[in-house]
Amino acid sequence: MMPGQGTAAAQFEALLRSNLRGVCQLSAEQVELLHAHYRLMTRWNQVLNLSSIRSLDAVVVRHYCESLFLAANLPAEARSVVDVGSGGGFPGIPIAVVRPRCQVVLIESHQRKAVFLKEATREYANVRVIAKRAELVQERFEWLVSRAVAWEQVMGLMPALASNLALLVGAEDAFNILKTQGMSWNAAIALPWGQQRSLVIGRSVSRGTC
């Protein structure tokens, strides 16, 4: 273990657990997997812009806690998830960590970011990376999730890519998304960290969808 690594891991875990109180509970193994991802992302971020957020507190909330909040709100029976524009692996990798029976596909068209995702998940049995534009993917999934792609672009992938949708967005975007036709929407769920962000969940009701 590198000097200071134990302290850094403890700080990461403390921030994660305190912010997730009432949202979900993580095992020690799950925390270790998330911290390993954080360490790798931090190293790669020095040469590849995976995240513009540098503060550990902000990284834990915006990247990990938001992703885990989404995971906690997916149905227990969900078995396949596609993360469009995964970037540094959010929300897909945290979902894969806490939902090991769920097959998670990370779509990332930026080739170097896709290489990072493959490196970050090479020991994950339930994760696969597709390095191409989502519009070119000829597969179908139960759930489409995203947090970094413009919601208008994501909506253009429904229902071809998935029947169900979960988006992490700003409160203003959530208001506009809920007016989109062809979907049955749940009420937007305000994220519990006071940053005017929401989770929006919907189901395609377009003709011909299953």
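General observations
- Potential lengthening between LYS179 and ARG140 on full extension [0.36 nm per residue; Cα-Cα distance subtracted]: 11.6 nm
- Cross-link partners of LYS179 among aspartates and glutamates, defined as those whose alpha carbon lies under 19 angstrom from its own and excluding same-chain residues fewer than eight positions apart: GLU152.
- From the alpha carbon centroid of region 172-206 to that of region 134-168 is 14 Å.
- Virtual spin-label span in nm between GLU152 and SER52, 7 Å along Cα→Cβ: 1.9 nm
- For SER163, the residues whose modelled amide H falls within less than 5 Å of its own, excluding neighbours fewer than 5 places apart on the same chain, are PHE141.
- Fully extended contour minus Cα-Cα distance, from SER80 to ALA10, at 0.36 nm per residue: 22.0 nm
- Between SER86, SER55, SER163, the GNM of the chain built on Cα springs shorter than 10 angstrom shows SER55 fluctuating the most.
- Using alpha-carbon coordinates, inclination of helix 111-120 to the longest axis of the chain, degrees: 60 degrees
- Extending 7 Å from Cα along the Cβ direction at GLU32 and again at TRP193 yields two label points whose distance is 2.5 nm.
- Gyration tensor verdict on region 43-169 (Cα atoms; rounded if a/c is under 1.5, prolate if a/b is larger than b/c, oblate otherwise): rounded
- The residues packed around ALA114, meaning those with a beta-carbon under 9 Å from its beta-carbon, carry a net charge of +3 if Lys and Arg are +1 and Asp and Glu are -1.
- Candidates VAL115, VAL104, LEU33 compared by Cα position along the dipole of region 5-204: farthest toward the positive end lies VAL115, with charges placed on Cβ.
- Anisotropy class of region 115-160 from Cα gyration tensor, a/c 1.5 cut: prolate
- Gain in span if fully extended, ARG43 to GLN25, counting 0.36 nm per residue against the direct Cα distance: 3.8 nm
- Helix 28-44 vs. the chain, principal-axis angle (Cα, 0 to 90°, nearest 10): 90 degrees
- Other residues lying with their Cβ under 14 Å from the Cβ of HIS35 contribute a combined charge of 0, Lys and Arg counting +1, Asp and Glu -1.
- Per-pair calculated FRET efficiency, R0 = 30 Å: GLN111 and ALA72 via Cβ, rounded to 0.05: 0.40
- Compared with the dominant principal axis of the Cα atoms in the chain, helix 5-19 is inclined by about 40°.
- Per-residue Cβ neighbour rank within 10 angstrom, fewest leading, LYS118, LYS132, LYS179: LYS179, LYS132, LYS118
- All other residues whose Cβ lies under 15 angstrom from that of ARG197 are scored, Lys and Arg at +1 and Asp and Glu at -1, for a net of -1.
- With only Cα atoms counted, region 115-208 has Rg and Dmax values of 14.6, 40 Å.
- Using Cβ point charges alone (K and R +1, D and E -1), the dipole size of the chain about the Cα centre works out to roughly 220 debye.
We did not get these values from a lab; they are worked out from the coordinates using the rules stated. Since the structure is predicted, the reported quantities are computational estimates derived from the model, not experimental observations. Here the Cβ is made from the backbone with ideal geometry for all residues, glycine too, and neighbour counts use every protein chain on show.
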